[in-house]
Amino acid sequence: MEVFVLTVSRNTSRADFKFYADRLIRLVIEESLNQLPFDSCMVMTPTGNYYKGTKYQRGNCGVSIVRSGEAMEQGLRDCCRSIRIGKILVESDSDTHEARVVYAKFPHDIADRKVLLMYPIMSTGNTVIKAVNVLKEHRVSEENIILSNLFTTPIAAQTITTAFPLMTILTSELYHIAPNHFGQKYFGTD
């Protein structure tokens, strides 16, 4: 995978930030989709020739961790127009930093699906741990979860891989400070 670094200054406009963030999201989503199982198929081209191609196996879906994870939904829809997308809202207590699930809505058959869990920024990993535990409560196998992430800290990566060693994690950068302002800048609420 080609590495694309999202470097912005304090003076970067929201439009430029969103443009480059969307490019990076698309790269991470495409690589995440490469991890999904596929079958071989024969495709007839518009010229009437046959081509040996591939198609995704049925039963894939996305789940975004609200709110910042929603920034990744369009990138997924751009690649898979009809993919089902669920949502999880996890809030952290401002004093104790304890994460708790406030809302979760999934396709009814999520236990039978491969899940692209979308969460762009991980500082501690606590939010993702809560989200994965909710998916597991809905009988999603750990090995059927692919975490699509843009930036993570080494601590968060270690926390997640220790808690869920069978889960696949895709990220674009591992750095000791996570850009926690991402959601505010992306959605224009900074």
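The values are calculated or read from the model by the stated rules, or taken from the named source; none is laboratory data. What you are looking at is a predicted structure, and each value in this text was computed from that prediction instead of being measured. Methodologically, a virtual Cβ is constructed for each residue, glycine included, from the backbone with ideal geometry; neighbour enumeration extends over all protein chains shown.
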Taking the stretch 174-184 as the search range and keeping residues that are at pLDDT below 85 and in contact with a helix residue (DSSP H, G or I) (Cβ under 8 Å, 6 or more places away or on another chain), which one is nearest to E73 (Cα to Cα)?
G183
Those residues that are within 16 Å of the chain's Cα centre (by Cα), part of a helix (DSSP H, G or I) and among the hydrophobic types (A, V, I, L, M, F, W, C), I need them from the stretch 161-190; list them, please.
F182
Within the stretch 1-44, track down each residue that is hydroxyl-bearing (S, T, Y) and either surrounded by 11 or more Cβ atoms within 10 Å (Cβ to Cβ) or at pLDDT 90 or above (or both).
T12, Y20, S32, S40
Tally the residues that are of a type in the set (S, T, Y), within 14 Å of the chain's Cα centre (by Cα) and outside any helix (DSSP H, G or I), restricting the search to the stretch 47-73.
1
Qualifying positions in the stretch 105-143 - of a type in the set (A, V, I, L, M, F, W, C) and in contact with a His (Cβ under 8 Å, 6 or more places away or on another chain):
F106, I110, A111
Among T162, T189, T124, which is surrounded by fewer than 22 Cβ atoms within 10 Å (Cβ to Cβ) and either in contact with a strand residue (DSSP E or B) (Cβ under 8 Å, 6 or more places away or on another chain) or at pLDDT 95 or above (or both)?
T162
Within the stretch 104-129, residues part of a loop (DSSP other than H, G, I, E, B), within 26 Å of Q184 (Cα to Cα) and not small (G, A, S) come out as F106, Y119, P120, T124
Taking the condition at pLDDT below 95 and either part of a loop (DSSP other than H, G, I, E, B) or within 12 Å of M118 (Cβ to Cβ) (or both), does L76 pass?
no
So which residues in the stretch 166-178 are exposed (fewer than 14 other Cβ atoms within 10 Å of the Cβ) and in contact with an Asp or Glu (Cβ under 8 Å, 6 or more places away or on another chain), if there are any at all?
L166
Quick check on my filter: what residues within the stretch 130-160 are β-branched (V, I, T), more than 21 Å from S92 (Cβ to Cβ) and either assigned to a loop (DSSP other than H, G, I, E, B) or without any contact (Cβ under 8 Å) to a residue 24 or more places away in the chain (or both)?
V140
Only residues in the stretch 17-44 that are more than 30 Å from P179 (Cβ to Cβ) count as the first member; pair them with residues that are charged (D, E, K, R) and surrounded by fewer than 17 Cβ atoms within 10 Å (Cβ to Cβ), Cβ under 7 angstrom, at least 6 apart or cross-chain, and list the lot.
F38/K55; D39/K55; S40/K52; C41/K55; M42/K52
Taking the conditions exactly as written (in contact with an Asp or Glu (Cβ under 9 Å, 6 or more places away or on another chain) and farther than 20 Å from F187 by Cβ), does V101 satisfy them or not?
yes
